[in-house]
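In what follows, a single structure is set out as structure tokens and then discussed.
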Amino acid sequence: MAELGDLSQAIINGDLNTAKTLTQELVDGGTEAQTVVTEGLVPGMNVVGQKFKANEFYVPEVLIAARAMKGSMDILRPLLAEGGVEPEARIAIGTVAGDLHDIGKNLVAMMLEGAGYEVIDLGVDVPAETFVTTVNEKKADIIAMSALLTTTMPAMKDALDTLTEKGVRDKVKVMVGGAPVTQAYADEIGADGYAPDAASAVDTAKELLGK
Ligand code: B1M
């Protein structure tokens, strides 16, 4: 009989096949999809995040853990949709205009998904206007912007200014990150939150959502 703790461990181990098998067994055995997420996947990704922060895990380990989590989520997502389970919050993430770096952004997206949020991945080179449309049309609770170049950091400010100009700034929280970005820069441009790495991004999102 599959156990939720075994699934958490499979995620930590980055064992895609075991994660998928255990997820299927849990669901077939009558465990609710939401329970599999909150008591199997999320605790596993929490450990991955803690190990990453403590430099016990590096980027490859996080990526294979996230891949295992995605394998489980592929099984669970249709069941969650059927059951009408609302995600805790909706977070739209993208690398800002002019910037094509997406490895860190993808890691942040995976950690946020692992924490139970619905993540809308806008990709790279995202124009300021797209963030506005996403707030209006997808009702994102948080906009998460990544930049890896000092030359594209100002695009974060442009996006914030555009959100204000279009009258949607007060409808959404904005968090920023990426190697050259600092808390001081986040404060300077008026972002609501900043995170130095993917694991901290989950903490920042929780803070911004008041959880
Ligand atoms: Co680029 N590149 N690159 N590059 N590249 C850097 C960033 C650079 C530091 C290399 C260097 O010169 N030493 C330099 C930037 C210098 C600067 O501006 N200060 C640089 C440059 C100059 C360029 C080009 C201009 C090179 C050229 O063409 N002349 C060009 C720009 C293209 C463009 O974007 N328009 C370019 C291109 C590329 C590749 C396409 C070849 C490739 C990107 C592939 C891809 O992403 N799909 C690439 C890569 C791989 C790098 C390096 C080597 C690695 C970046 C990376 O993925 N790191 C990088 C040098 C380096 O860092 N050693 C470099 C791993 C990743 C996990 O970390 O992205 O920092 P990171 O994400 C972290 C945190 O920052 C944080 O969490 C993540 C996980 O902990 N984080 C967030 C990230 N986003 C967050 C958002 C959040 C919160 C946290 O909230 C919303």
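Coordinate-derived values only; no laboratory data. In this text, all values refer to a predicted model and were calculated from it rather than measured experimentally. In this analysis, Cβ positions are derived from the backbone assuming ideal geometry, glycine residues included, and neighbour counts consider all displayed protein chains.
Label-to-label distance, Gln24 versus Arg67, with points set 7 angstrom from Cα along the beta-carbon direction: 1.9 nm. Across the range 38-47, coupling constants 3J(HN,Hα) worked out from phi with the 6.51/-1.76/1.60 Karplus curve, θ = phi - 60°, read 6, 10, x, 6, 4, x, x, 5, 4, 5 Hz, and Gly and Pro carry x.
Nearest 10 degrees, 0 to 90: what angle lies between the long axis of helix 16-28 and the longest principal axis of the chain (Cα atoms)? Helix 16-28 and the main axis of the chain meet at about 70 degrees.
Rounded to the nearest 0.05, the FRET efficiency derived from the C-beta distance between Leu79 and Glu188 at R0 = 41 Å is 0.40. Residues whose amide H lies under 5 Å from that of Val176, counting only those 5 or more places away or on a different chain, are Met145, Gly193, Tyr194, Ala195; hydrogens are built 1.01 Å from N in the peptide plane.
Taking each residue as 0.36 nm, the span from Thr35 to Lys171 lengthens on full extension beyond its C-alpha to C-alpha distance by 45.9 nm. Annotation: the residues Leu41, Leu122, sorted from fewest to most other C-beta atoms within 10 Å of their own C-beta, follow the order Leu122, Leu41. Taking amide H positions as modeled 1.01 Å from N, with prolines and chain starts lacking one, the residues under 5 Å from Thr95 and 5 or more places away or on another chain are Gly123, Val124, Asp125, Val126, Ser146. Computed from the Cα positions only, the extents of the chain along the three principal axes stand at 55, 37, 28 Å, in decreasing order.
With a Förster radius of 25 Å applied to the C-beta separation of Met1 and Lys53, the computed FRET efficiency comes to 0.15. Extension gain, Ala179 to Ile120: 0.36 nm times the residue separation minus the Cα-Cα distance gives 19.1 nm. Loop-located chymotrypsin sites (Phe, Trp or Tyr not before Pro) across the range 16-78 with a Cβ neighbour count of 14 or fewer within 10 Å are Tyr58, with loop assigned by DSSP.
Can you tell me the 0 to 90 degree angle between the C-alpha axis of helix 4-13 and the longest principal axis of the chain, rounded to 10? Helix 4-13 sits roughly 60 degrees off the main axis of the chain.
Converting phi to 3J(HN,Hα) with the Karplus coefficients 6.51, -1.76 and 1.60 and the offset θ = phi - 60°, the range 51-61 yields 5, 5, 4, 7, 6, 8, 10, 10, 3, x, 5 Hz in sequence order, with x at every glycine or proline.
Loop-located GluC sites (Glu not before Pro) in the range 46-96 (DSSP state not H, G, I, E or B) with no more than 14 neighbouring Cβ atoms inside 10 Å: Glu56. In order along the range 87-98, the Karplus-derived 3J(HN,Hα) couplings, from 6.51 cos²θ - 1.76 cosθ + 1.60 at θ = phi - 60°, round to x, 4, 6, 10, 10, 9, 10, x, 8, 5, 3, x Hz, and Gly and Pro are given as x. Note on the range 90-208: Rg/Rh from Cα positions, Kirkwood definition for Rh, rounded to two decimals, is 0.91. Relative to the longest principal axis of the Cα atoms of the chain, helix 103-114 runs at roughly 50 degrees.
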